[in-house]
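Novice: Have a look at this one.
The values are calculated or read from the model by the stated rules, or taken from the named source; none is laboratory data. This is a predicted model, so every value here is computed, not measured. All Cβ positions, even for glycine, are placed from backbone atoms using ideal geometry, and neighbour counts span all protein chains on display. Quick note on the areas: whole protein, heavy atoms, side chains included, nothing else; ligands and nucleic acids left out. Shrake-Rupley method; radii C 1.70, N 1.55, O 1.52, S 1.80 Å.
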Amino acid sequence: MRVRLFAAVAFSLSYFAELSFACTCGGPHLPPGKNSMRDFVIAEVSGNGQVQTIFEGVVERQEISSGPIGPPKSAMSMTPSGIHRIVTIHASRVYRGANEQNFAVITGLSYGDCGFDFSTGQSYLVFATQIESGLYFTNICTGTNLVEHSGPAVRFLRGEAPAADDLLDVTSY
């Protein structure tokens, strides 16, 4: 009985593993001796060659769309059917890239496809790559997060002194 149950579970897991995929991210690599949260933020902000645009803003609306959109080649952020979200964000500050007032940002649906789960009305620090004129791409691997959870990055981008927590070891933060 146990052998049959094990075989059924193993078959189910292997069958469904073929139908699904998971997100994997590689974070910024810290130089030897650099292990504070501030060091991590500096590496994230300056070390990711794909992030061309960094801005703060409030999500105004979201819509589900489908079809090919041409995300960056390294992005694992779209379902196999091409379904994705288009998020309209009103920028309050632009740190890098086009100085636009509103950004159209695409991302996956956040069901294991690396999509970032935005909430309408919330403020975010967004790390994005321009795909085409007026259209940007982000996912959970870029550093995008709620502004309230992005203190070290916001302080660094604004040129402010680090807070005590910013100097903690990354694993202790």
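Novice: Among the listed residues GLY134, GLY151, which satisfies the condition of being free of Cβ contacts under 8 Å to residues at least 60 places away in the same chain, within 16 Å of MET37 (Cβ to Cβ) and of a type in the set (Gly, Ala, Ser)?
Specialist: Values: GLY134 fails: within 16 Å of MET37 (Cβ to Cβ).
Within the list GLY134, GLY151, the selection yields GLY151.
Novice: Which one of these does ILE89 not meet: (1) in contact with a helix residue (DSSP H, G or I) (Cβ under 8 Å, 6 or more places away or on another chain); (2) of a type in the set (A, V, I, L, M, F, W, C); (3) open to solvent by less than 30 Å² (accessible area, probe 1.4 Å)?
Specialist: (1)
Novice: Report every pair of residues separated by at least 6 positions or lying on different chains whose Cβ atoms are under 9 Å apart, first residue within the range 23-34 and under 17 Å from GLY112 (Cβ atoms) and modelled with pLDDT of 70 or more, second open to solvent by less than 60 Å² (accessible area, probe 1.4 Å) and among the charged types (D, E, K, R).
Specialist: CYS23/ASP113
Novice: While we're looking at this one, here's another question. Counting just the residues of the range 130-144 that are open to solvent by less than 20 Å² (accessible area, probe 1.4 Å) and under 17 Å from SER119 (Cβ atoms), which one comes out modelled with the highest pLDDT?
Specialist: By that ranking, first place goes to THR144.
Novice: Within the range 145-169, restricting attention to residues that are aliphatic (A, V, I, L, M) and surrounded by 15 or more Cβ atoms within 10 Å (Cβ to Cβ), which residue is modelled with the lowest pLDDT? Spell out the reasoning first.
Specialist: Our first condition is that a residue be aliphatic (A, V, I, L, M); within the range 145-169, this holds for 146-147, 153-154, 157, 161, 163-164, 167-168.
Going one step further and asking which of them are surrounded by 15 or more Cβ atoms within 10 Å (Cβ to Cβ), we end up with 147, 153-154, 157, 168.
Values: VAL147: 97, ALA153: 93, VAL154: 95, LEU157: 94, LEU168: 88.
Checking each candidate, the answer is LEU168.
Novice: For residues in the range 84-129 being aliphatic (A, V, I, L, M) and not in a strand (DSSP E or B), which is modelled with the highest pLDDT?
Specialist: At the first step, the residues of the range 84-129 found to be aliphatic (A, V, I, L, M) are 86-87, 89, 91, 94, 98, 104-106, 109, 125-126, 128.
Still in the running and not in a strand (DSSP E or B): 98, 109.
Values: ALA98: 89, LEU109: 83.
Ranking the candidates gives ALA98 first.
Novice: Ok, one more. Working only within the range 145-167, note down all residues that are part of a loop (DSSP other than H, G, I, E, B) and closer than 12 Å to VAL41 by Cα.
Specialist: Correct list: SER150, PRO162.
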